[in-house]
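In what follows, a single structure is set out as structure tokens and then discussed.
The values are calculated or read from the model by the stated rules, or taken from the named source; none is laboratory data. For clarity, every value in this text was computed on a predicted model and none was experimentally measured. Here Cβ is always computed from backbone atoms with ideal geometry, including for glycine, and neighbour counts include all displayed protein chains.
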Amino acid sequence: MLGEYRIVGRRAAEIAASVERGVGSGELAPGQVLPPMRELAQLLGVNPHTVAAAYRTLRERGVIETAGRRGSRVRSRPASTARGSLRVEAPPGVRDLGTGNPDPALLPALGEAFAAATDAYARRPGMYGQPAVEPGFAAAARAALDADGVPEGAVVATSGSLDAIERVLGAQLRPGDTVAVEDPGWGAMLDLVPALGLRPVPVALDDDGPLPDAVERALAAGARALVVTDRAQNPTGAVIGAARAAELRAVLAGHRDVLLVEDDHGHGIVDLPLHPLAGATDRWAFVRSVAKAYGPDLRVAVLTGDPVTVDRVSGRQGLGPGWVSTLLQRAVVHLWHSGAVDQAEVARAYAERRDALVRALADRGVEAHGRSGMNVWVPVSDETGAVARLLHAGWAVAPGARFRMVAPQGIRLTVSPLTAADLAPLADAVAAAAGPATPLGYG
């Protein structure tokens, strides 16, 4: 039924991860029928309920589908947004650290920016046939990119980071192509890749970003694209520093035809320097969102890249939504020029909360990761149990299943809502809930 591929594991999470590895490597093809639950349970020597839980997780993630008596099979086009459902709702009286949202108190008021945008609109309304990118938006975005060493390239405005990345992957890849992605990584990205008919290949990382050896293995195995996060990696907070960037550029130099996509969503909330990889390959795209620093509801991101990639993205965008509202672009430009966000102060505020939590956990013997951004990743031996115990203790956190393919288990805590008074009780609760765990950088 499965050919030469062998599903392994003793726990539901291990069985689900084994199936996902087979799907990611292509050894389990779209439409491949999986063994009946009782049959697989007998082969693995586990309870059928364990296999049922694994299959349920795979269905929730959009990896497989079940059709009654016809059994379970690998989806030909996995469903999107599956991981978004893997969340813990915070009941009354429980503090919610699972959302991944910025602190509203650190976001700027938008009234002045939109007033300025509407005033400009009254003088020059947006109409069909006008440039898709406001000249002021392009100039300001390009100046900031130049300051950070991002190679020259035209600017496209998109409706957020994920919209930009989807357009790049769709413009350059074909269904069935493999994409190397960070693991653990952004849950929406792990959903997006299979939703586009592409096959995700996990790349391990540590606090300095993707491991060069893991990237080399993925590219040597045929990955057509690599998606990396420069700073504030979600969920681990990893940052690509100068040394790691040099190592990764050296790896990419041997794979010039690979599409490189960089996500710098942490711009504006991180005080660590950017070390871009862009230009290490012939095809590349660099994405920078305003969501974390200025507000998720603005839905604006900057995209630049090599001429072919930018031309394909902008051309396809013109056949769909056409352009990102010039009102939004003008409002964002006003925010950039007005200094509405003190980026150093915002970065300091998140760093203080994040670093204090990591120290408090270390004092209690708990490993935690969070070099930048607004999240802390805690490896645990049983994330389902840890999430449940923390919920009982009054804290809702994000289960690691939202962010993992084959990486070891963990939980993500967003520090945005935390105060100094929260740190000790939260660290105590996490220490009580977490068990022995596999460290980050699993391979």
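Among the residues of segment 402-443, the one identified as small (Gly, Ala, Ser), part of a helix (DSSP H, G or I) and surrounded by 24 or more Cβ atoms within 10 Å (Cβ to Cβ) is ALA433. Condition check for VAL150 on (1) crowded, with 19+ Cβ neighbours inside 10 Å; (2) free of Cβ contacts under 8 Å to residues at least 60 places away in the same chain: one failure, at (2). Spot the failing condition for GLY24; the list is (1) modelled with pLDDT of 90 or more; (2) surrounded by 15 or more Cβ atoms within 10 Å (Cβ to Cβ), and only one is missed. Unmet condition: (1). Selection within segment 15-35: residues that are aliphatic (A, V, I, L, M) and in a loop (DSSP other than H, G, I, E, B). The member of this set that is farthest from the chain's Cα centre (by Cα) is LEU34. Scan segment 171-215 for residues that are more than 22 Å from VAL74 (Cβ to Cβ) and in contact (Cβ under 8 Å) with a residue 40 or more places away in the chain and jot them down. Those that are more than 22 Å from VAL74 (Cβ to Cβ) and in contact (Cβ under 8 Å) with a residue 40 or more places away in the chain: ALA171, GLN172, GLU182, PRO184, TRP186, ALA204, LEU205, ASP206, ASP207, LEU211, ALA214.
Being of a type in the set (Asp, Glu), modelled with pLDDT under 95 and assigned to a loop (DSSP other than H, G, I, E, B) is a condition met by at least one residue of segment 382-393. Buried (at least 22 other Cβ atoms within 10 Å of the Cβ), farther than 27 Å from GLU216 by Cβ and aliphatic (A, V, I, L, M), is that true of VAL341? So VAL341 does not fit the description; no. So for segment 233-244 (the condition being outside the structural domain of GLY24 (by TED's automatic domain parsing), free of Cβ contacts under 8 Å to residues at least 24 places away in the same chain and either crowded, with 24+ Cβ neighbours inside 10 Å or in contact with a strand residue (DSSP E or B) (Cβ under 9 Å, 6 or more places away or on another chain) (or both)), does at least one residue qualify? No, there is no match, as no residue in segment 233-244 is outside the structural domain of GLY24 (by TED's automatic domain parsing), free of Cβ contacts under 8 Å to residues at least 24 places away in the same chain and either crowded, with 24+ Cβ neighbours inside 10 Å or in contact with a strand residue (DSSP E or B) (Cβ under 9 Å, 6 or more places away or on another chain) (or both).
Within the option set ASP297, ASP263, being of a type in the set (Asp, Glu) and surrounded by fewer than 21 Cβ atoms within 10 Å (Cβ to Cβ) holds for one residue only, ASP297. Does segment 239-250 include one or more residues that are outside any helix (DSSP H, G or I) and more than 21 Å from ALA204 (Cβ to Cβ)? Among the residues of segment 239-250, not one is outside any helix (DSSP H, G or I) and more than 21 Å from ALA204 (Cβ to Cβ), which makes the answer no.
Contact map, segment 341-365: first residue within 10 Å of LEU423 (Cβ to Cβ), second residue outside any helix (DSSP H, G or I) and charged (D, E, K, R), Cβ cut-off under 8 Å, separation 6 or more or different chains; pairs are LEU361/GLU367.
Scanning segment 216-229 for residues that are crowded, with 20+ Cβ neighbours inside 10 Å and without any contact (Cβ under 8 Å) to a residue 60 or more places away in the chain turns up ALA218, LEU219, ALA223, ARG224, ALA225, LEU226, VAL228, THR229.
Of everything listed in (1) at pLDDT 90 or above; (2) in the same structural domain as PRO408 (by TED's automatic domain parsing), the single unmet condition for PRO92 is (1).
In the set (1) in contact with an Asp or Glu (Cβ under 8 Å, 6 or more places away or on another chain); (2) not in a helix (DSSP H, G or I), the condition left unmet by GLY222 is number (1). Being part of a loop (DSSP other than H, G, I, E, B) and more than 20 Å from the chain's Cα centre (by Cα) is a description that applies to ALA280.
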